[in-house]
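Quick note: the coordinates plus some simple rules give every number you see, no bench work behind them. Just so it is clear, the model here is predicted, and its values are computed rather than measured. For neighbour counting, all protein chains shown are included, and Cβ atoms are generated from backbone atoms with ideal geometry for every residue, glycine included.
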Amino acid sequence: MCPASEVFCMPSTRFAPPTEVPGLAARRIAADILDGVLHKHRMLDDQLDGPGAHPGLKTLADRDRALMRRLVATILRRLGTLGHVLSRLLDRGIPSDAPRAQSALLIGAAQILWMDVPDHAAVDLSVRLVQADRRAAKYAGLVNAVLRRCAREGQPLIEEVKSEMLDLPPWLVARWIAAYGEDTTRAMAAAIGVEPALDLTVKSDPDSWATRLHGEALATGTVRTLLHGSVTTLPGFNEGAWWVQDAAAALPARLFGDIKGKRIVDLCAAPGGKTAQLVHAGAQVTAVDRSPNRVARLRENLARLSLTADTAVADATEWQPDGELFDGVLIDAPCAATGTIRRHPDVAWLKQESDIGALAAVQKRMLQKAVTLLRPGGTLVYCTCSLEPEEGEQAISSILASEPGLRRAPVSRDEVAGLDEIITPDGDVRTLPSHLAHSDSRLGGLDGFFASRLIKS
């Protein structure tokens, strides 16, 4: 038997084909994907799209697919709290010979506690998941009883720990407290716990698109909407009027200013949101990424948007361009991605503290490479979707110390829609999940990004 404090210790296995009832397929696939994250350390996005996607997604209706994604995201976003609740409701933990019991309990409890699913449906479907597994079937009664207790007693158990930041790994909480202070870390944790809205970068007229999409136009020009489901069904998708991009991710490309007719290279460019921004602003863009599949996706995205850029499949640190130097270089550097946890909650549970700084050498090489690609007077914008100072502020301090031909060009409040809170004392951009607060928490927040603008003399 697993101890109650180790609710998540079972190995993974697959469900036997169950008797289908409405909604069961979505929950079965959710269980598979959840096991992939928690036990096989597979990225959530890799299981949802591309060559490694779950095969069952092909036959899942759009509505069920949206439910499945929301269910998995909710569990990963509330994993620590779920562990606490289930450990209080289980006398002896989850039987180690019932690998699917964990998934069924997590799926049922998440629906009961945070989703608008009737309690009886959440219980019934979780029981069916267990019954469909030959090793777990004998524990159907346990799952039924625990989830019924969860419906009665779960909310008070949540209240017991609401101030403890259980839904982030302790090592990450400790790092953020050291970097940003406890109050800011608590605000960040609260923002990460809310399912984020959909952010769109529009080609023109954000106010009009906000109306059409039943959303809001942010001060930055991004359109934010609470609409759920497949983005391919939303107005403007087929026409290429917009692309999905967090409001924070849209800021770095804007730091180049007027780039009409200028030559810009976008390093680590896929899936192409920043490339699209640069092309739409009038630049002649070369997009570089080492992954052939990701470059193919970038080309598809640009084609939908009726935008054109040169592309290259190459390691950005080794790539050698033909022709003259560039007016601008954009580096969206590989990093620990801790700033994306509000949209990608699996990151919190897949990363380890030892991963922080592991890419520091790559980031340094990319910065050094960028200097060689840039003409005198050209602009370098470096950014990461990381909240870790080692991958942002410290990386810039290091390159400035080693490259005397570079100087920082501080960002002004006018360049970031008056958002003073996101500008650091050094003049860099640092967004936090708790920034851009809103009376409706679902419409607030930003991904955690760092961006710095440097000029080559």
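Just a few scattered comments:
- Among residues other than Pro376 with Cβ under 15 Å from its Cβ, the summed charge is +2 (Lys and Arg +1, Asp and Glu -1).
- Helical mean residue ellipticity (222 nm; -39500 (n - 2.57) per DSSP H run of 4+; nearest 500) of the chain: -12000 deg cm²/dmol
- All other residues whose Cβ lies under 13 angstrom from that of Ser230 are scored, Lys and Arg at +1 and Asp and Glu at -1, for a net of +1.
- Rounded if a/c under 1.5, otherwise prolate or oblate - segment 246-456, Cα gyration tensor axes: rounded
- Residues Arg297, Arg78, Arg375, sorted so that the one with the fewest Cβ neighbours within 10 Å comes first: Arg375, Arg297, Arg78
- Order of His280, His435, His41 under a 10 Å beta carbon neighbour criterion, fewest first: His41, His280, His435
- Residues in segment 165-171 carry Karplus couplings, in order, of 6, 6, 8, 10, x, x, 5 Hz; the curve used is 6.51 cos²θ - 1.76 cosθ + 1.60 with θ = phi - 60°, and Gly or Pro positions show x.
- Backbone HN-Hα couplings from phi across segment 250-267 [Karplus 6.51/-1.76/1.60, Hz, Gly and Pro as x]: 7, 6, x, 4, 6, 6, 6, x, 6, 10, 4, x, 8, 9, 10, 10, 10, 8
- Segment 246-456: relative contact order as a whole-number percent, Cα under 8 Å and 6+ apart: 21 percent
- Total charge dipole magnitude, the chain, about the Cα centre, Cβ charges on Lys, Arg, Asp, Glu only, Debye to nearest 20: 1000 debye
- Figure legend: label point modelled 7 angstrom from the Cα of Asp62 along Cα→Cβ; residues of segment 208-238 with amide N under 18 Å from it are 212-215, 225-238.
- Cα gyration tensor, segment 43-172 - rounded (a/c under 1.5), prolate or oblate: oblate
- Fewest-first sequence of Val21, Val371 by Cβ atoms within 10 Å of each Cβ: Val21, Val371
- Beta bridges by DSSP in segment 179-302, antiparallel share as percent, to the nearest 5: 65 percent
- Among residues other than Lys456 with Cβ under 10 Å from its Cβ, the summed charge is +1 (Lys and Arg +1, Asp and Glu -1).
- Angle of helix 79-89 to the longest C-alpha principal axis of the chain, folded into 0 to 90 degrees and rounded to 10: 10°.
- Per-pair calculated FRET efficiency, R0 = 51 Å: Glu20 and Ala178 via Cβ, rounded to 0.05: 0.50
- Of all lysines in the structure, the ones whose alpha carbon falls short of 28 Å from that of Lys369, not counting any fewer than 8 places away in one chain, are Lys260, Lys262, Lys274, Lys351, Lys456.
- D_trans [Stokes-Einstein, Kirkwood Rh over alpha-carbon pairs] for segment 234-320, 25 °C, 0.890 mPa s, µm² s⁻¹: 187 µm²/s
- Evaluated at q = 0.24 Å⁻¹, a Debye calculation over the C-alpha positions of segment 148-238 (equal weights, vacuum) places log10 I(q)/I(0) at -1.06.
- Counting only alpha carbon atoms, the long axis of helix 182-192 and the longest principal axis of the chain meet at about 70°.
- Inverse mean reciprocal Cα-Cα distance (Kirkwood Rh) of segment 166-288, Å: 16.5 Å
- Spin-label pair Ser208/Thr233, simplified geometry with 7 Å Cα→Cβ offset, distance in nm: 2.6 nm
- Normalised contact order of segment 4-161, rounded percent, pairs of Cα under 8 Å and 6 or more residues apart: 30 percent
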